[in-house]
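Every read-out reported here was derived from the displayed coordinates using simple, explicitly stated rules and does not represent laboratory data. Because the structure is predicted, anything quoted here is derived from the model rather than measured. Reconstructed Cβ throughout: ideal geometry from the backbone, glycine too, with neighbour counts over all protein chains shown.
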Amino acid sequence: MKIFHRTKKESRPVLITSSFVLIVGSGLAYFVSLGIVLPVVPQYAKERLGGSSVEVGIAVGALFLGAVLLRPYVGRLGDRFGRRFLIIGGAATVALSLSVYGLVVSLPFLIAARVLTGLGEAAFFVGAAALITDLAPTERRGEAISYWSIAVYGGLALGPVVGEALLESGGYNLVWVAAGGVGAVAVLLGCFTKDVVRPQAVAGSKREPIINRSAVAPGMVLFSGLIALAAFTVFIPLYAGEVGLKNLEVVYFAYAAPVLIVRIFFARIPDRLGAVRSASLALIATTAGMAVLALWATVAGLLVGTIIFALGSSLLYPALFVLALSRAPETERASVIGTFSSFFDLSQGLGSILVGLAVAGAGYQGGFAAGAVFAVMGFVLLTWRGIKTDNGKHISVDEIELLGSEHSGS
């Protein structure tokens, strides 16, 4: 393994370019469109369609079912044919599907439309995330992913505020149409993206796997840690009113502000602490936040628990994402992203159903307690097995530059 040292006179490779900003902008519009419907779908499924807690969970989780079915396959396509068509096609599918949520007022139709949204989400996210890592210098990849996640969490933070305002002013149909319109902006920006030259697989090499083994171990930890996010996403819009908080936007701000502060101003935390340590701290914060929500059923408890949970969310995904990328050749990058992000889809799709069952049996606080239990399981898995390189060594994000250089032959 080669070791590189940078002198004080040397500057870090450029990360923020016009192409980088363009894809982040497209991602922001895309995730705003998804965020607009985030607090509205649970309310629509429960209040307008008369769904039970389990049915609400299914309606929300159907998006992630669609995504997990397609995600590994689009990863392979992205590696072979480029990222741009995934970005444009995925965003267009999402924009169209969001706009027709209210076309037929029935739970099965909503679930089917959510599955279609998931198919588009799989294509867009894999294409955009892969292009972000294509554009990033190897030693700044963790930082790039943190900045990319600003679009993700920024959109999912701003979108619900817009969605709630639209729901109050114009009803459900206005929400669906507006979400589709913002998704169309993501399509437009995606049309200006360009693929970059990437390392090519050696002729005669074995076919890329649909499930990339390098991403499985980090993905399993991600799955356990993000079931708490499913509990938060699905049931906070319903739980807030139960504890007496009428202004739901306050909760989303309490979640978004810590995430964005960490992602913007402390983007290199995983690089400095190491990925396993960062992910461990994230899981501890996630567990603590869910425990507060489960045990302190007041407005204050809701806000404090949300902030603590948000701190965990800000670190978990970037640390595990970079670990997954570091364990595979550059030619399999989109395949790794497809497999790894499938665990995110599973956590939100299956997690929504599991949390829905917990809520049906023990109320909203039981759902949050379930999120805490799964986060503990993720922590045990991470610290017991660790995350290892292909040769069995434990890895920190500081080693990524070296691994990336070796895989690409530099």
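Starting from the coordinates of the alpha-carbon atoms of segment 101-196, obtain the Kirkwood hydrodynamic radius over all distinct pairs and give the value in Å to one decimal.
It works out to 15.5 Å.
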| note | Under the 7 Å Cα-to-Cβ spin-label approximation, LEU188 and ALA112 lie apart by a distance in nanometres of 3.1 nm
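Sorting check: for 100-106, 349-355, which peptide has the highest mean count of neighbouring beta carbons within 10 Å, and how do the rest follow? Could the numbers behind the result be given before it?
Values: 100-106: 14.7, 349-355: 25.1.
Per-residue mean Cβ counts within 10 Å order the peptides as 349-355, 100-106.
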| note | For segment 41-153 (alpha-carbon point model, no solvent) the Debye-based log₁₀ I(q)/I(0) at q = 0.15, 0.18, 0.24 Å⁻¹ works out to -0.70, -0.89, -1.20
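Quick one: order LYS194, LYS246, LYS46 by neighbouring beta-carbon count within 10 Å, fewest to most. Before the final figure, lay out each step's value.
Values: LYS194 11, LYS246 8, LYS46 17.
Least to most surrounded, the residues fall as LYS246, LYS194, LYS46.
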| query | Which ³J(HN,Hα) values, rounded to whole Hz and listed in residue order, are derived for segment 186-196 from phi using the Karplus coefficients 6.51, -1.76 and 1.60 in 6.51 cos²θ - 1.76 cosθ + 1.60 with θ = phi - 60°, glycine and proline given as x? | reply | 4, 4, 4, 5, x, 5, 8, 6, 9, 5, 10
| remark: Env charge @ LYS46, Cβ radius under 15 Å, K,R +1 / D,E -1, value -1
| If one computes the Cα centroid of segment 303-318 and of segment 103-131, what distance in Å separates the two points? | 26 Å
| field | About the Cα centre, charge dipole magnitude for segment 224-301 (Lys/Arg +1, Asp/Glu -1 at Cβ), debye | value | 280 debye
